[in-house]
Amino acid sequence: MLLTAVWVTLKLASITTVILMLLAIPMAWGLANMQSRLRPLLEALVGLPMVLPPTVLGFYILLLCSPNYAPGQLWLSLTGTTLAFSFTGLVIASVICSMPFVVQPLQRAFEQLDKGLLEAAAMMGAGRMDRFFNVVLPCTRRAMILAACMGFAHTVGEFGVVLMIGGNIPGETQVLSIALFDAVESQQFTEAHQIAAGLMVFAMILLITLYSLDRQPVAQLPLQSHPGRY
């Protein structure tokens with residue numbers, strides 16, 4: 001059962017991280033370059049999961065996933081299954097819950113990006129998409145790794161939202177944090193020690209990796225080394 005919980009946790013964290021990166025990169029870029037008065041409101045909405053109690057966030061996501069509301073009704077009509085207490089619902093909840101941990105590092109990196117590089121690339125004829133993929137992304141590679149690691153780690157460690165949306169279904173929605181809770185509740189302390197120690201080791205390895213990455217020198221983009229390009 002423990003190996004099954006490990007597999008569900010890794011699958012959930014991996015899928016969530018991929019979705020988060022696909023969504024967070026354009027969101028962070030848009031926020032970093034937004035001049036509208038609505039920017040503080042949008043930033044607050046993105047960061048809301050960081051300050052809301054997980055049970056509050058989980059409660060409202062659970063309502064949206066239920067057949068009594070439009071998203072849950074639509075999913076039920078399309079698939080014949082409910083979003084609540086399913087792995088798909090768990091992925092959706094994890095994406096919402098971990099979004100600020102991915103968007104905010106990327107937004108800060110985009111804001112600190114040397115705009116002179118983009119101007120130089122534009123002067124050499126690079127279009128917007130060309131500048132983004134060949135200048136912005138390489139220059140913020142470290143922030144991309146940090147954001148992905150933060151999203152993955154937060155998904156692995158989440159408990160409240162996961163419990164409310166996914167329940168505790170072995171082999172489908174039971175992740176390691178829920179398995180640890182079950183082990184303690186049933187007084188299976190040996191198994192609880194194994195899960196807790198494994199999560200602590202994972203957290204330490206991740207933090208050491210991130211701190212080591214943060215101390216590496218920033219690579220400069222060699223714009224002038226590619227004649228005819230940028």
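The values are calculated or read from the model by the stated rules, or taken from the named source; none is laboratory data. Everything quoted here is computed from the prediction, not taken from an experiment. Neighbour counts run over all protein chains shown; Cβ positions are idealised from the backbone, glycine included. Each accessible area value is taken on the protein alone, full model and side chains, heavy atoms only, with ligands, DNA and RNA left out. Shrake-Rupley method; radii C 1.70, N 1.55, O 1.52, S 1.80 Å.
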So for the range 1-82, averaging the separation of alpha carbon pairs under 8 Å that are six or more residues apart and normalising by length, what relative contact order in percent results? 11 percent
Expected-Rg normalisation [2.2 N^0.38 Å, Cα atoms] applied to the chain: 1.19
Please calculate the 1.4 Å probe accessible area of W75, with all protein chains present, and give it to the nearest 10 Å². 80 Å²
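I'd like the projected area of the range 92-191, averaged over all directions, using the convex hull of its alpha carbons. Report it in nm² with one decimal.
That works out to 8.4 nm².
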For the range 155-216, what does the alpha-carbon gyration tensor say about shape, rounded, prolate or oblate, given a ≥ b ≥ c as the root eigenvalues, a/c under 1.5 as rounded, and a/b over b/c as prolate? oblate
Please work out the Kirkwood hydrodynamic radius for the range 45-96, using every pair of different C-alpha atoms, and report it in angstroms with one decimal place. 11.3 Å
Relative contact order, percent, of the chain when contacts are C-alpha pairs under 8 Å separated by at least 6 residues? 30 percent
Pull out the extension gain between T209 and L38, defined as 0.36 nm times the separation in residues minus the alpha carbon to alpha carbon distance; nm, one decimal. 58.0 nm
Quick one: Debye curve from the alpha-carbon atoms of the range 73-129 only, equal weights, vacuum; give me log10 I(q)/I(0) at q = 0.22, 0.24, 0.25, 0.26 Å⁻¹ to two decimals. -0.88, -0.95, -0.98, -1.00
At R0 = 25 Å, how high is the FRET efficiency between S186 and M50 if r is their beta carbon distance? Nearest 0.05 is fine. 0.20
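If you wrap a convex hull around the C-alpha atoms of the range 1-113 and split its volume per residue, what is the figure in Å³?
Values: hull volume 15.4 nm³, N = 113.
Expressed per residue, the convex hull around the Cα atoms of the range 1-113 is 136 Å³.
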Two pseudo-spin positions, 7 Å from Cα along C-beta at A197 and at L22, lie apart in nanometres by 3.9 nm
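Run through the range 111-172 and list the chymotrypsin sites (Phe, Trp or Tyr not before Pro) located in a DSSP loop whose Cβ has at most 16 other Cβ atoms within 10 Å.
F159
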Mean Kyte-Doolittle of at least 1.0 and a Cα length of 15 Å or more along the axis: which whole DSSP H helices of the chain meet both? 2-32, 39-51, 54-65, 189-214
Find how many whole Å separate the alpha carbon centroid of the range 82-129 from the alpha carbon centroid of the range 149-168. 20 Å
Could you give the size of the charge dipole of the chain about its Cα centre, using +1 on the Cβ of each K and R and -1 on the Cβ of each D and E, expressed in debye and rounded to the nearest 20? 780 debye
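For the range 9-66, report the % of Cα-Cα distances exceeding 14 Å. It would help to have the intermediate numbers written out before the result.
Numbers: 1166 of 1653 pairs.
Of all Cα-Cα distances in the range 9-66, 71 percent exceed 14 Å.
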